[in-house]
Amino acid sequence: MDFTLEAEIEETRRRIHAFVAEHVLPVESRAEAYDAHENIAEGVLSELRAKAKEAGLWALAMPKARGGQGFGVVGLAACYEEMNRSIFGPVVFNAAAPDDDWTDRKVWKRVNPNLGVSVNMEYLERECRKAEDTPSHENTFKRLHLNIRTRRTRPSSASPYRKLWFRKTA
C-alpha cells in the first residue's frame with residue numbers, strides 16, 4: 001500500500017509545518033497570548049489568521065470556490081497533524097469545528113489523527129464522561145481534545161447542564 005501524499009497536499013503540509021514553527025509555536029510561550037480563559041487572545045488570533053490567509057493556508061476543508069483548499073479527509077489529516085503541533089494551530093488555520101457534536105466518537109476520530117497512538121479512545125471516553133458530568137470541564141474537553149476554541153467558563157445556553165450550573169452557583 002502506498003501512503004505517499006499527493007504533491008499538493010504534501011506541499012501544503014510542509015508549508016503548515018514551517019508556518020507553525022515560525023509563527024504559532026513562539027506565541028505559546030508568551031503570557032499575553034492567552035485570554036482569561038486560557039484560549040488564544042483575540043488580537044493574537046486575528047494576527048495569526050491574517051498571516052495564515054495570506055499564506056494560502058486558510059480553511060483547508062472549505063471548497064476552493066469559497067476560498068478554501070478543498071482537501072478531503074486524507075489531506076486534512078496530514079495537515080491537521082502539523083497544525084496540532086501547537087495548541088493554537090487548528091483555530092489559527094480555521095480547522096476547528098465548533099458545530100460538531102463534541103460527544104460523537106466519529107468527531108474524535110476526525111480531529112485526532114493520531115488516535116490510538118498518542119491518545120486512546122478509552123482516555124477520550126473518560127474525559128468526555130467527566131465533561132458531561134462536570135459542566136465546568138466541558139470547555140476544557142473541547143479545547144484540549146477537540147481543538148474547539150471556547151469562550152465561556154460555564155456551559156452554553158444549549159447545554160443540558162445549564163440549569164444544574166446555575167442552581168449550584170446561585
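The table for this structure:
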{"item": "Residue in the stretch 111-123 that is assigned to a loop (DSSP other than H, G, I, E, B), over 18 Å from LEU5 (Cα atoms) and in contact (Cβ under 8 Å) with a residue 24 or more places away in the chain present", "result": "yes"}
{"item": "Any hit, the stretch 79-96, residues being surrounded by fewer than 17 Cβ atoms within 10 Å (Cβ to Cβ), farther than 30 Å from ARG129 by Cβ and in the same structural domain as ARG14 (by TED's automatic domain parsing)", "result": "no"}
{"item": "GLU81 vs. criteria over 20 Å from VAL20 (Cα atoms) and not hydrophobic (A, V, I, L, M, F, W, C)", "result": "no"}
{"item": "Which numbered condition PHE141 misses (of (1) touching a residue at least 12 places away in the same chain (Cβ under 8 Å); (2) surrounded by fewer than 18 Cβ atoms within 10 Å (Cβ to Cβ); (3) hydrophobic (A, V, I, L, M, F, W, C))", "result": "(2)"}
{"item": "Residue match in the stretch 38-45 (condition: closer than 25 Å to VAL27 by Cα, out of contact with any Asp or Glu (no Cβ under 9 Å at 6 or more places or on another chain) and at pLDDT below 80)", "result": "yes"}
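For (1) surrounded by 11 or more Cβ atoms within 10 Å (Cβ to Cβ); (2) without any contact (Cβ under 8 Å) to a residue 12 or more places away in the chain; (3) under 21 Å from ARG85 (Cβ atoms), each residue gets a yes or a no:
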position: THR4; (1), (2), (3): no, yes, no
position: GLU10; (1), (2), (3): yes, no, yes
position: HIS17; (1), (2), (3): yes, no, yes
position: HIS23; (1), (2), (3): yes, no, yes
position: TYR34; (1), (2), (3): yes, yes, yes
position: GLU38; (1), (2), (3): yes, no, yes
position: VAL44; (1), (2), (3): yes, no, yes
position: ARG49; (1), (2), (3): yes, no, yes
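The values are calculated or read from the model by the stated rules, or taken from the named source; none is laboratory data. Predicted model, so just to flag it, every value in this text is computed and none were measured. Heads up, the Cβs are rebuilt from the backbone with ideal geometry, glycines too, and the neighbour counts pull from every protein chain shown.
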